[in-house]
Amino acid sequence: MQNRKWNYKVETIKAGIFFSQEKQDAVIEERLNRLGMEGWEFVQLIHGYGTYPRVVLRR
């Protein structure tokens, strides 16, 4: 079994509460795509009522 070490990152994505749902989705997608190009891989979404979504990433 190979020992693999991961680096983890938690990213809060502030998409603008006054944006339309489509605009919020576009902001989130753009940020996740940028992080993916930097080598980060999505692990989990953390989202509570009245909070901005936070994503856990690893690389």
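Run the simple label-point estimate for Asn33 and Arg58 please: 7 Å along Cα→C-beta, distance reported in nm.
2.6 nm
Within the chain, which is the longest segment containing none of the chymotrypsin sites (Phe, Trp or Tyr not before Pro) that sit in a DSSP loop and have at most 14 other Cβ atoms within 10 Å?
20-48
Using only Cα atoms, tell me the angle between helix 21-37 and the longest principal axis of the chain; keep it within 0 to 90° and round to the nearest 10.
20 degrees
How high is the relative contact order of the chain? Use alpha-carbon pairs under 8 Å, at least six apart in sequence, and give a whole percent.
It comes to 45 percent, rounded to a whole number.
What ³J(HN,Hα) values, in whole Hz, does the Karplus curve 6.51 cos²θ - 1.76 cosθ + 1.60 give for the range 3-20 when θ = phi - 60°, with x put for Gly and Pro?
7, 10, 9, 10, 9, 10, 9, 10, 10, 8, 10, 8, 9, x, 5, 9, 6, 5
Which distance in nm do the two modelled labels at Ala26 and Glu41 give, with both placed 7 Å along the Cα-to-Cβ direction?
3.1 nm
Over the chain, what lengths in whole Å, largest first, do the semi-axes of the equivalent ellipsoid take, defined as the square roots of 5 times the eigenvalues of the alpha-carbon gyration tensor?
Working through the eigenvalues yields semi-axes of 26, 13, 7 Å.
The numbers here are math on the coordinates, done by the rules we state, and not lab data. Being a predicted model, the structure only gives us computed values, none of them experimental. Please note: Cβ atoms are built from the backbone with ideal geometry, for glycine as well, and neighbour counts cover all protein chains shown.
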